[in-house]
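Take a look at the structure below.
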Amino acid sequence: MTDLLLLFDMLLGLLIIGLAVAALRVRDLFAMVVMFVTFGLMTALAWVRLAAPDVALAEAAIGTGVTGALLLKTLYHLRRVSGTLHLPEALSERPPDPQVPRAVIAANAVMCGLVVIGLAAAFVTAPLGGPGFDAAVADAMPESGVDHPVTAVLLNFRAYDTLMEVVVLLAAVIAVWLVERSLPQSDPPVMGEVYEGFARLVLPGAVVVGVYVLWAGAVAPGGAFQGGAVLAAVGLLLLMSHVYEPAPAHRAAARGLFVLGVAVFTGVALLVAWGGRAVFEYPPGLAKPLILLIEGMVTISIAATLAALFHGREPGVQPRPADTSEGAQ
Amino acid sequence: MTEPLQFWMVALLFLPLIGAIAAFVLPRHAPIVGMGVALGVTGAAVGLCWQVQSVGTGTVALGGWGAPLGINLHVDGLSAAMLAMTAGVGAVVSMGAVNTFGGRVARSAETARPRQYFWPLWLLLLTGLNGVYLGTDIFNLYVMIEVIALAAVGLTVLSGSLAALRAGLDYMFASILGALLLLMGVGFVYLQLGRLDFGGLAGADPSGALVAALALMFVGLALKTALFPLHFWLPAAHANATAPASALLSALVVKAALYIIVRLLQHMPAPGEALVVLMGLMGTGAILWGSVQALRADRLKLLVAWSTVTQIGLIFVALAQAGVAGLAHSWKAAAVLILAHGVAKGAMFLAAGRIRAEVGHDRIRDLDRSPVRPALAQLAFAFAAVSLIGLPPSLGFIGKWMVMEGALAAGNWHWVVITMTGTLFSLAYFSRVFAGFLRFDRVEADVPGGVVEQRGRAPMDYAPLALAALGVALGLVAAPILEFLEIGRAGGWP
Amino acid sequence: MTPALIYGLTGIVVFGIGLFGALCVRDRLRRLLALNLCGMGAAFVLVAGAWRMPPDSADPVPHALVITGIVVLVSATAVALALIRRLHTLESAPEEIPEDTPE
C-alpha cells in the first residue's frame, strides 16, 4: 500500500517537473498558461500528499487561480493590442527578440544543473522531519484563541508577517494603479450570454463558499487568504459579467476597502498594547473574537485587492488631458 | 511597551504604515501627511538613538511569544544608525519631493497623477526599510524586502516614460528572483535548524544545508543590492526614475539588502574564507566596471547611478578587507561607508534632479553651455562628491581610511590598491561634472554678444545642500559614531 | 524513501528549471512564469521540510510561511504583468511613445 502511494508520489513528481518544462517550452502562450495552471493544480495535489491542505487550498485558489486569471487577462490584452486576438497561432506579437547565444544558454544550463545537484545534495543530507516548531506550537496552541494550528501561526504567533503580507498586497495594488493610470479604457474580456447567466446563478453560492472557507479557518483548513480568493473570484465574475461596473464615484470606497484589512490589523495590534502588553499580544479571552475580526476585515481587503489587481486601472480615471483635473482641485 | 526604547521601535514601524494608509485614502492631503510622517519618523529615530545611547540594546517580542515561535524586533547600534540614516535622508528627500509632488495644485500634467501615488509608495517603502533594520527573523526579512521591492518598483516607474517602465520591469524581475533565492535559503535554514531567528542561526554548527542556504541568500541579496556582476538592472532603473525616487532608490533601497548581508555574516556559522574573497572580488569588479561606465556615461543621472554600483563594490571590499578573521572589525568600516553613501547619494541625486530641472537637460557635455547657473545645487553636488570620493574630513574619508588601515594591518595590500584605484576613478568621473559646472566661456563663445547669466535657484536647493554638508561634517564626529555602532556588540563578532 | 524526500527533490528540480528560464528566456510573460516556477520550487522545499512521519502531524509554521509566500508572489506577479501590459501598449504604438520628459 505504502509502496503504491510512493509510486504515485514519484509519478506525480515527474509529472510536475514535466509540466514545468512544458510550460516553458510550449510555443503558444495560451497553452503555456494552461500548462502552468495544470502545474499549479498538480502542485496542490502534491501538498495534500504532504499533509498541507491549507497550503494546497491557497495554491489552488491564489497561486493557480488568481495567477492564471491574471496571465490570461494579460495574454488577452497583448493579443488585442497587437490585433492577433483571433489568430490561432498568435505567438510572437513583437518582432522576435534577438536570440540568446547558444553558448550563454549552455553555460546557464550547466550552472542551473550544478545548482540543482548542489541543492539536492544539501537537501538529502539535511535532517528531514527533524527539528521544527512542532513542540513550541503545540505548547502555545491553548493560548492562541483558535483551534487550527496554521491559523494560529498566521494570525497570532507570526501575525506580524501576515500584516506585512497584506501590506505587500496594498503596495501591489497602488503600483498597478500607478502603472495603468493613463491607459485608455480597455474592455475586460467579454463573456457570452450563457456565461453571464451562469455567473448570476453561481454568485450567491460562491459568496457562501468564500465566507464558509473563512469561517472554517478557525478549526479546519481554510482562512482569510483562501476565503479572500474565493470572494475575489466573485468580484471577477461581477466585473466580467458587467453586473458591476467600476465608476469614478467608487474610487474612495475602493481605496477604503484596500486598506481596511491593514488598518484594522494595525489598530488591533496597537490597541492591545495599551494595557502594558506587547504589540500583537491579544488579551486572554479576547484572542478568538479579535482574530475573527482581523480575519474578516483582511478577507474583505484581500478579495477587493485581488479583484482590483485583475481589473487593473483605477476606476473612472480618464487618460489625458482629463488627467490634470483632479490635481487642480 | 512602557519602556521608551520599545515605544520608539514600535513607532518607527507603525508610524510610516499608518501614514501610508492615510496618504492613500486621502490623496489630496498626501503631501502634508507624507511630510508630517517623514518628520515624525525622524523624531522617533532621534529618540531611539538617544535611548540606545543611554540604555543600550532593546527587544520587542511581538505578540508576547518571543523567538523562535514569535517574531522579535531588536535594535542595537548598527540598527539604530541605519534607522537614523534612513529617517534623515527620507525627511530631506520628502522636502525635495514636496517641491516635485507637493502642493494642492499640481504643477503640470506630468506630476498630477504621480503625486497621488508617490506618497503612499514612499511611506510603504519606509515601513519596509524600518522593518528590515528592526527585524531578526529571516522569513520576516523576506516579506519586508518584498514590501520594499514593490514600493521601489512603483517609485521607479513613477514618471511613466517608456525607459522608466522598461527599467522598472527589469528591476521587478531581478527583485523577484533575488527574493525567491532568499526564500529558498530560508527553506534550507528551516530544514537544518527548524527555526528562523538570528538567535537560532548564531549557535548552529556548520552543515551542508546551511552552506547552501548561505550561498542562496547571498546571491539573492547580492542581486537585490546590485553587486557586480548582478548590477545589470540598477543603472537604468536609478537613472530613469524621477529625482526624489532616484534618491530614495540609490541612497536607501539598496542598503536594505546590504544590511541583511552584514547581519547574515554576523550570525551564520563560519561564512568561510572563500565567500569573503568572493565578496572582495565581486566588489573589485564593481569598482572597476562601474568606474569605466561612469566615465563613459553621457547623462548626469546615469553617471550618478553608475557611481552607486562602484560604491556598493567598495562596501563589499570593506567587508572583505581582512578576511574572515577580520570581519569582527571590518563590518564597522562597511557600516560607516553605508551611512556615508546613503547621506551623500541622497543629496547627490536630489542635486542632480535640481540641476536637470533648472538647466533643462542633464547631458554632461552640454552642462557648461547653459546660461542657467544652479549654483546651490551644484554646490550640493560637489559636497556630496567630496564624501563619495572620500576627501577629508567627510564620513566617506573615514570609511576608506578604515578600509585601508584594516587591509594593511592584515597584510592585504591588494585591497588597499583597489580602494585607491576606486578613489582615483571616482575623482576622474566626478571631475567630468565639475568641469561642466566651472567653465562658462563656452556659452559666451556660442552666443554672439554674450548672454546674461541666470541664477537657477529655489528654496528647495537647501535640502540637498544641507544633506551633503552633513555627509562631510559627520566625518568630524566619526569617533562617537563608531562607538555608537558598537553598542550591543561588546562581545565582538561571534 | 518518503513523500517529503520525493517532493523536496521535485521542488529543487522545479526551482532549477525556473532559474534557467528566468535567466535564458527572452519573452517577458514566459520569464515571469519561470520566476513563478522558482517560487513554487522554494515552497516545495518548505512544505517537504514540514512533513512528519505519520502519525505525527506536520509542522504548521512552514505551511503558514508558504501561504504568505504565495500571496507575496501573486502580488509581485500582478505588478510585473501590469508593467508588461503597459510596455506592450506603448511599444505597439511607437508614434505615441511619450518623450522621456524631465520630471
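The values are calculated or read from the model by the stated rules, or taken from the named source; none is laboratory data. Worth saying up front: this structure is predicted, and the values here are computed from it rather than measured. Please note: Cβ atoms are built from the backbone with ideal geometry, for glycine as well, and neighbour counts cover all protein chains shown. Heads up: the accessible areas ignore ligands, DNA and RNA and are worked out on the full protein's heavy atoms, side chains in. Shrake-Rupley method; radii C 1.70, N 1.55, O 1.52, S 1.80 Å.
The residues of the stretch A:118-160 that are at the interface with chain B (Cβ under 8 Å from one of its Cβ atoms), in a helix (DSSP H, G or I), surrounded by 24 or more Cβ atoms within 10 Å (Cβ to Cβ) and not aromatic (Phe, Trp, Tyr), listed by number, are A:Leu119, A:Asn156, A:Ala159. Of all the listed residues (A:Ala23, A:Ala56, A:Ala51), the sole one being facing chain C (nearest Cβ under 8 Å) and open to solvent by less than 10 Å² (accessible area, probe 1.4 Å) is A:Ala23. Within the stretch A:178-205, the residues that satisfy the criterion of being within 9 Å of chain C (Cβ to nearest Cβ) and at pLDDT 65 or above are A:Leu178, A:Val179, A:Glu180. Taking the criterion of being touching a residue at least 24 places away in the same chain (Cβ under 8 Å) and surrounded by fewer than 24 Cβ atoms within 10 Å (Cβ to Cβ), the only residue of the stretch C:39-56 that qualifies is C:Met53. With respect to the conditions (1) within 14 Å of chain A (Cβ to nearest Cβ); (2) surrounded by fewer than 20 Cβ atoms within 10 Å (Cβ to Cβ); (3) in contact (Cβ under 8 Å) with a residue 24 or more places away in the chain, B:Leu73 falls short on a single one, namely (2). Being buried (at least 24 other Cβ atoms within 10 Å of the Cβ) and more than 7 Å from chain A (Cβ to nearest Cβ): is that true of C:Gly8 here? No. Yes or no: B:Ala352 closer than 19 Å to B:Ser79 by Cα, within 23 Å of the chain's Cα centre (by Cα) and assigned to a helix (DSSP H, G or I)? Criteria not met by B:Ala352.
A residue that is more than 24 Å from C:Gly11 (Cα to Cα), modelled with pLDDT of 95 or more and not charged (D, E, K, R) can be found somewhere in the stretch B:171-181. All of A:Val21, A:Val55, A:Val34 fail the test of being under 20 Å from the mean Cα position of the chain (by Cα), closer than 18 Å to C:Gly41 by Cα and modelled with pLDDT of 85 or more, apart from A:Val55.
When the residues of the stretch B:315-336 are filtered to those that are open to solvent by 10 Å² or more (accessible area, probe 1.4 Å) and assigned to a helix (DSSP H, G or I), the one that is modelled with the highest pLDDT is B:Lys332. Scanning the stretch C:19-37 for residues that are within 16 Å of A:Thr38 (Cα to Cα) and either more than 7 Å from chain A (Cβ to nearest Cβ) or under 9 Å from the mean Cα position of the chain (by Cα) (or both) yields C:Leu33, C:Ala34, C:Asn36, C:Leu37. Can you run down the residue pairs with Cβ atoms below 7 Å, 6 or more apart or on separate chains, where the first is in the stretch C:57-73 and more than 7 Å from chain A (Cβ to nearest Cβ) and surrounded by 24 or more Cβ atoms within 10 Å (Cβ to Cβ) and the partner is among the aliphatic types (A, V, I, L, M) and assigned to a helix (DSSP H, G or I)? Every condition considered, the pairs that remain are C:Pro62/C:Leu46; C:Pro62/C:Val47; C:Pro62/C:Ala50; C:Leu65/C:Leu46; C:Gly69/B:Leu183; C:Gly69/C:Ala43.
Reported count of residues in the stretch B:1-21, each being part of a helix (DSSP H, G or I), more than 8 Å from every other protein chain (Cβ to nearest Cβ) and open to solvent by 30 Å² or more (accessible area, probe 1.4 Å), is 5. Say whether the condition of being out of contact with any helix residue (DSSP H, G or I) (no Cβ under 8 Å at 6 or more places or on another chain), open to solvent by 20 Å² or more (accessible area, probe 1.4 Å), more than 8 Å from chain A (Cβ to nearest Cβ) and of a type in the set (Val, Ile, Thr) is met by at least one residue in the stretch B:31-44. Checked against the condition, which is being out of contact with any helix residue (DSSP H, G or I) (no Cβ under 8 Å at 6 or more places or on another chain), open to solvent by 20 Å² or more (accessible area, probe 1.4 Å), more than 8 Å from chain A (Cβ to nearest Cβ) and of a type in the set (Val, Ile, Thr), the stretch B:31-44 yields at least one hit. Per the listing C:Leu90, C:Leu65, C:Leu83, C:Leu33, the residue uniquely at pLDDT below 90 and of a type in the set (A, V, I, L, M) is C:Leu90.
With respect to (1) over 30 Å from B:Ala328 (Cα atoms); (2) at pLDDT 80 or above; (3) open to solvent by less than 20 Å² (accessible area, probe 1.4 Å), the lone exception for B:Gly456 is condition (2). Test B:Met82 against the criterion of being of a type outside the set (S, T, N, Q) and open to solvent by less than 40 Å² (accessible area, probe 1.4 Å), and give yes or no. Judged against the criteria, B:Met82 is a match. Scanning the stretch B:243-255 turns up no residue that is modelled with pLDDT under 95 and open to solvent by 20 Å² or more (accessible area, probe 1.4 Å). When the stretch B:138-178 is limited to residues that are without any contact (Cβ under 8 Å) to a residue 12 or more places away in the chain and surrounded by fewer than 24 Cβ atoms within 10 Å (Cβ to Cβ), the one that is nearest to B:Leu216 (Cα to Cα) turns out to be B:Leu165. Here the helices (runs of 4 or more DSSP H) wholly within the stretch B:356-444 that include at least 2 residues being touching a Lys or Arg at 6+ places or on another chain (Cβ under 8 Å) are B:375-389, B:413-438.
Residues of the stretch C:23-33 that are more than 16 Å from C:Leu83 (Cβ to Cβ) and assigned to a helix (DSSP H, G or I): C:Leu23, C:Cys24. Taking the criterion of being under 15 Å from A:Val116 (Cα atoms) and surrounded by fewer than 24 Cβ atoms within 10 Å (Cβ to Cβ), the only residue of the stretch B:179-208 that qualifies is B:Gly208.
In the stretch A:259-278, the condition of being free of Cβ contacts under 8 Å to residues at least 24 places away in the same chain, at the interface with chain B (Cβ under 9 Å from one of its Cβ atoms) and in contact with a strand residue (DSSP E or B) (Cβ under 7 Å, 6 or more places away or on another chain) is met by at least one residue. Can you name every residue in the stretch B:49-81 that is over 23 Å from the mean Cα position of the chain (by Cα) and assigned to a helix (DSSP H, G or I)? B:Gln51, B:Gln53, B:Ser54, B:Val55, listed by residue number. Residues considered: B:Val477, B:Val472. Of these, the only one that is β-branched (Val, Ile, Thr), open to solvent by less than 60 Å² (accessible area, probe 1.4 Å) and modelled with pLDDT of 65 or more is B:Val472.
Taken over the stretch B:61-70, residues that are buried (at least 24 other Cβ atoms within 10 Å of the Cβ) and either over 22 Å from A:Leu290 (Cα atoms) or aliphatic (A, V, I, L, M) (or both) amount to 1.
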